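Notes to accompany the following structure.
Computed from the coordinates by the stated procedures, all read-outs in this text should not be read as laboratory data. Owing to the predicted nature of the structure, the values given are computational and were not obtained by experimental measurement. Because the Cβ atoms are built from the backbone with ideal geometry, glycine has one as well, and the counts that use them run over all protein chains shown.
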Amino acid sequence: MERIHATTILAVFHNGSVAIGGDGQATLGNTIAKSNVRKIRKLQEGKVLTGFAGSTADAFTLLDRFDEKLNSYGGNMKRAAIELAKDWRTDRYLRRLEAMLIVCNKEDLLMLSGNGDVIEPDHQVAAIGSGAMYAQASALALKKHAPHLSAEDIVRESLNIAADICIYTNHNLVIEKIG
């Protein structure tokens, strides 16, 4: 049975703010299953932003668990991410989930994987999904060569570039920001 997957999620810290965005395409094999999936979520009354790539059902399970961890640790995003990664790596059920998360708040930007990784990316740019490398390369170039742009502008332009290149990414974007 084929699974719904493929997307591009990008988060950027720049000029005192953070923005995260994702495209809306869900792919089933080599067919577009849906073009307007919302893969960006606000948690903790908008203080924490998340994006997911991978199996949608698996990602929703992880987002629910991450939200529980945030509530358990008083909104401490880094601690919640570490605790989720521990559970994800060791729990028999969670270990089988196929998704990745980017989480960010006004201080931190993290990528979480099922291998137990909690990664603080270099250059304050994080990308996951099938178009991640296109979006990340574009964001790094824009941060360096167009420093006047906002984090939101960098995310939007970079996701559009990824959508022009990656067949699993579309131009139906959702972008959220803090700051």
In order through the range 169-179: 3J(HN,Hα) via Karplus (6.51 cos²θ - 1.76 cosθ + 1.60), integer Hz, x for Gly, Pro: 10, 10, 8, 8, 9, 10, 10, 10, 9, 10, x
Positive-end extreme of charge dipole, the range 4-178 - chosen from Thr90, Val18, Tyr134 (charges on Cβ): Thr90
CD proxy at 222 nm, helix term only [per DSSP H run n ≥ 4: -39500 (n - 2.57); per residue of the chain; nearest 500]: -11000 deg cm²/dmol
Burial ordering of Leu10, Leu109, Leu62, fewest other beta-carbon atoms within 10 Å first: Leu109, Leu62, Leu10
In Å, descending, principal axis extents of the Cα set of the chain: 43, 40, 25
Inter-probe distance in nm under a simple model that places probes 7 Å from Cα toward Cβ, at Arg95 and Asn15: 4.7
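Mind sorting Val12, Val18, Val37 by how few other Cβ atoms lie within 10 Å of their own Cβ, fewest first?
Numbers: Val12 33, Val18 23, Val37 19.
So the residues, fewest neighbours to most, are Val37, Val18, Val12.
If we count other beta carbons within 10 Å of each Cβ, what is the order of Thr56, Thr61, fewest first?
Values: Thr56 19, Thr61 15.
So the residues, fewest neighbours to most, are Thr61, Thr56.
Net charge around Gly131, counting only other residues with Cβ within less than 13 Å of its Cβ (Lys, Arg = +1; Asp, Glu = -1)?
Values: positive: Lys39; negative: Asp23, Asp164.
Charge balance in the 13 Å sphere: -1.
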